[in-house]
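Notes follow once the structure below has been shown.
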Amino acid sequence: MRSKKEQLDKLNKYWEENCQCSLKKTAKQAVFGDGNAESQIIFIGEAPGKKEDEGGKPFIGAAGKFFTEMLKGIKMKREDIYITNIVKYRPPDNRDPDPKEKEDCNEWLINELKIINPKLIIFLGRHSMLRFFPGELIGELHGKLIIKNIPELGKKQAFLPLYHPAAALYNGSMRATLIKDFKKITKALEEK
């Protein structure tokens, strides 16, 4: 049987060729999920930014540096976790991905989640949260552990919504909240 890493490599190769997302036309490349395929935690962001589009890895810009700092604060490294986005291609001018673009990358994301089969899925921002919790507000759910049955994943899944690190870079009070919520990750893993 193939390792999770080998399964992810095969998945990414398949979707890089077959994904119908219109963002492929304007992005430099697909930005695959990155990190430990055996991780108990997956972080899901919104979409690649300029640095990610250039470098081919998620969360390597300013928000990514802040994210790495927060991981250190809970005694984790990037190599301990897996991180991906709901959309695999950069939207022009870093605009929000539209519903069609999200839908076009959805099966890719779901397959990624099924391969890794994490204990905990952490949303980085409202866009990834809305994929699984439509109509909810991140301001109300951030920092709260949620257990929900997700038919696409075939199981009950633990989720922890957090504010996006990019938003926290520009808003001091949100930064403090995000750091505080980040510290709930280890407790959430223990509870699951």
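Rule-based calculations on the coordinates, nothing more; no lab input. Just so it is clear, the structure is predicted and the values come from calculations on it, not from any experiment. Please note: Cβ atoms are built from the backbone with ideal geometry, for glycine as well, and neighbour counts cover all protein chains shown.
Give me P(r) over the chain, computed from all C-alpha to C-alpha distances, binned every 10 Å, as integer percentages.
9, 39, 40, 12, 0
I'd like to know which of H127, C19, S3 lies farthest towards the positive end of the charge dipole of the chain, counting +1 on Cβ of Lys and Arg and -1 on Cβ of Asp and Glu.
It is S3, whose Cα lies furthest towards the positive end.
GNM on the chain, C-alpha springs below 10 Å: top fluctuator among G139, G73, G154?
Checking each option, the largest mean-square fluctuation is seen for G154.
For each pair in K5/K144; K155/K180; K24/K65; K13/K114; K5/K184, compute the distance between the two Cα atoms and list the pairs where it is over 24 Å.
Details: K5/K144 30 Å; K155/K180 29 Å; K24/K65 26 Å; K13/K114 17 Å; K5/K184 28 Å.
Listed pairs above 24 Å: K5/K144; K155/K180; K24/K65; K5/K184.
Only sites in a loop by DSSP and with at most 16 other Cβ atoms within 10 Å count here; which GluC sites (Glu not before Pro) in segment 146-192 make the cut?
Numbers: sites: E152, E190, E191; in loops: E152.
In loop regions of segment 146-192 (DSSP not H, G, I, E or B), the sparsely surrounded GluC sites (Glu not before Pro) are E152.
Can you work out the FRET efficiency for the pair Y14 and L189, with r the C-beta to C-beta distance and R0 = 30 Å, to the nearest 0.05?
Using R0 = 30 Å, I get an efficiency of 0.45.
Run down the aspartates and glutamates and flag those whose C-alpha is under 16 Å from the C-alpha of K75, throwing out any fewer than 8 positions away in its chain.
D181, E190
Run through the DSSP bridge list for segment 4-191 and note the antiparallel percent, rounded to the nearest 5.
Looking only at bridges with both residues in segment 4-191, the antiparallel portion is about 35 percent.
Tell me what the chain gives for mean residue ellipticity at 222 nm when only DSSP H runs of n ≥ 4 count, each as -39,500 (n - 2.57), the sum divided by the residue total, rounded to 500 deg cm²/dmol.
-13000 deg cm²/dmol
Quick check for me: using +1 on Lys/Arg Cβ and -1 on Asp/Glu Cβ, what's the dipole size of segment 4-191 about its Cα centre, in debye to the nearest 20?
480
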